[in-house]
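Enquirer: Could you have a look at this structure, given as structure tokens, before my questions?
The values are calculated or read from the model by the stated rules, or taken from the named source; none is laboratory data. Since we're looking at a predicted model, the values are computed, not measured. Note: ideal-geometry Cβ built from the backbone for every residue, glycine included; neighbour counts use all protein chains shown. With ligands, DNA and RNA removed, areas are computed over all heavy atoms of the protein, side chains included. Shrake-Rupley method; radii C 1.70, N 1.55, O 1.52, S 1.80 Å.
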Amino acid sequence: MVQQNGTGEQSSDPDYFQTNPKPPNLDRQITLARSFIEQHASENRRVALVASGGTTVPLENQTVRFIDNFSAGTRGATSAEYFLEAGYAVIFLHRQFSLLPYSRHYSHSTNCFLDFMTHNDAGAVVVESEYQQQMAQVLSRYRKAKEDNTLLLLPFTTVNEYLWLLRGLAMQMQPLGANGLFYLAAAVSDFFVPAERMVEHKIQSSEDFQEELTNGNGARAPAAHMDGKRLIINLDPVPKFLKLLVDGWAPRSMIVSFKLETDPSLLAKKARYALEKYSHHLVIGNLLNTRKWEVLFVSADGGERWIRVPAGRRSKSVTNWDHDSQPQEPAIEIESWIVPEVAKEHTKMIEKAASKQ
Ligand code: 9Z3
């Protein structure tokens, strides 16, 4: 149910957002997003919110330990580049320090970025000749995105930051109507420690230093406690944010979610289940071990189809010195096929929305 809170903002889950604290830099991030969206709305440009990277679940308020979700940010950062190429403006909602569009070609790569550089005869630092051509292309695309102000980078770390940001951004995107697109490739925690059950200080493992673990207000049992030498962690489910997004925060946008599984026999079933449960537009299923080679599109019209790139050939951008220790990379970035398909579906949706007006 959509409700109005005291500030006039729409809120679809009063409990979560009333009991879990607003991140300190949220207002600043939303202000940045507002002027970005206003610019692109006035130019009638499509805006894609691309969520990327894994969320964390802190176990202590003063966080030493946390639970993480797997994702390097490759899917999101690569897709963001293809959305920019397709004419979208992109809000890149990403896990801090995960891969970013454009710089991804040189960061976290199997080479250190210094391996792309050399000295010329005059002693100046220049790009190695073998990387010149590719780097020149990446650089001009990066510069264009900067000049046109089509890429906004907004970081999160915890699942709480992610949820507050997603809600705040979705509300800012509402005036875009059908021109808004949510491409949810972030790996979002399913379980978390709610603020009221979070312990303040670092959990002590040594029995000699164990005290009764207490949380801030003591209202509910703390999420972590020691049982002798054993640490017991008791997590709450994360609210079903996709439902909130579809029904309340972004009812007119196109919403694409990703489904990650490891058991091939479950993928299609789980993707279809998610689509039926949340009634959004498209679920893209992928398996952990084959996610760079194949994805399964499950759409609301009942269609199911695989997109596959041939395995085997190493992509040109992988230039490490120890080829044997690395898994093979596909010759084609699968996102270069995924994003145009998504954009095509988005066009259909926009046309349908326009015909109803
Ligand atoms: C994905 O499935 C992404 O494609 C990957 C990308 C995390 C596998 P990398 O960043 O990996 O390229 O290393 N993301 C969605 C995972 C997720 O949490 N989905 C939720 C769910 O399955 C729904 S939004 O319930």
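Enquirer: For the stretch 64-140, just list the percent of Cα-Cα distances falling in each 5 Å bin from zero outward, please.
Expert: That works out to 3, 13, 19, 19, 16, 13, 8, 6, 3, 1, in percent per bin.
Enquirer: Among DSSP beta bridges lying fully in the stretch 1-146, give the percent that are antiparallel, nearest 5.
Expert: Taking every DSSP beta bridge with both residues in the stretch 1-146, the antiparallel ones total about 55 percent.
Enquirer: Once the convex hull of the C-alpha atoms of the chain is built, how many Å³ does it hold per residue, rounded to a whole number?
Expert: Taking the convex hull of the Cα positions in the chain, it is 188 Å³ per residue.
Enquirer: Calculate what fraction, in whole %, of the accessible area of the chain sits on carbon and sulfur atoms when a 1.4 Å probe is rolled over the protein chains.
Expert: C and S fraction of accessible area: 51 percent.
Enquirer: Another one. When only the heavy atoms of the protein chains count and the probe is 1.4 Å, how do 52, 355 rank by accessible area, highest first?
Expert: 355, 52
Enquirer: Suppose only helical runs count, i.e. DSSP H with n ≥ 4. What mean residue ellipticity at 222 nm does that imply for the chain under -39500 (n - 2.57) per run, divided by all residues and rounded to the nearest 500 deg cm²/dmol?
Expert: -10000 deg cm²/dmol
Enquirer: So what is the diffusion coefficient of the stretch 98-190 in µm² per second by Stokes-Einstein at 10 °C and 1.306 mPa s, using a Kirkwood Rh over Cα pairs?
Expert: 95
Enquirer: Where in the stretch 218-254 are there trypsin sites (Lys or Arg not before Pro) that are in a DSSP coil and have at most 14 other Cβ atoms within 10 angstrom of their Cβ?
Expert: The qualifying sites are 220, 229, 240, 252.
Enquirer: Rounded to a whole number, what is D in µm²/s for the stretch 223-285 from Stokes-Einstein with the Kirkwood radius over alpha-carbon pairs (20 °C, 1.002 mPa s)?
Expert: D = 152 µm²/s.
Enquirer: Okay, next question. If I stretch the segment between residue 266 and residue 201 completely, what's the gain in nm (0.36 nm per residue apart, minus their alpha carbon distance), one decimal?
Expert: Fully extending the segment from residue 266 to residue 201 adds 19.4 nm.
Enquirer: By what distance, in whole Å, do the Cα atoms of the stretch 38-184 stretch along each of the three principal axes, largest value first?
Expert: Projected onto the principal axes, the Cα atoms of the stretch 38-184 cover 54, 45, 20 Å.
Enquirer: Give me the one-decimal Kirkwood hydrodynamic radius in Å for the stretch 27-99, with the sum taken over alpha-carbon pairs.
Expert: Hydrodynamic radius (Kirkwood, Cα only) of the stretch 27-99 equals 13.9 Å.
Enquirer: Also, quick follow-up: Percent antiparallel among DSSP beta bridges with both residues in the chain, to the nearest 5?
Expert: Of the beta bridges lying entirely in the chain, close to 45 percent run antiparallel.
Enquirer: Here's a follow-up. So if a site counts as exposed when it's one of the chymotrypsin sites (Phe, Trp or Tyr not before Pro), its DSSP state isn't H, G, I, E or B, and it has at most 14 other Cβ atoms within 10 Å, what's the longest stretch of the chain without one?
Expert: 98-320
Enquirer: Where in the chain are the helices, taken as whole DSSP H runs, whose Cα atoms extend 30 angstrom or more along the long axis and whose Kyte-Doolittle mean reaches at least -1.0?
Expert: The qualifying helices are 335-356.
Enquirer: Taking 0.36 nm per residue of separation and subtracting the Cα-Cα distance, what length does fully extending residue 137 through residue 15 add?
Expert: Between residue 137 and residue 15, full extension yields an extra 39.1 nm.
Enquirer: Can I ask one more? What relative contact order, as a whole-number percentage, does the chain give when Cα pairs under 8 Å and 6 or more residues apart are counted?
Expert: Reported relative contact order: 18 percent.
Enquirer: Name the lysines eligible as straight-distance cross-link partners of residue 356: C-alpha to C-alpha under 22 Å, and not fewer than 8 places from it in the same chain.
Expert: Cross-link targets: 344, 348.
Enquirer: Follow-up question, since we're still on this one. Order 233, 91 by their accessible area, 1.4 angstrom probe, all chains in place, largest first.
Expert: These residues rank, largest area first, as 233, 91.
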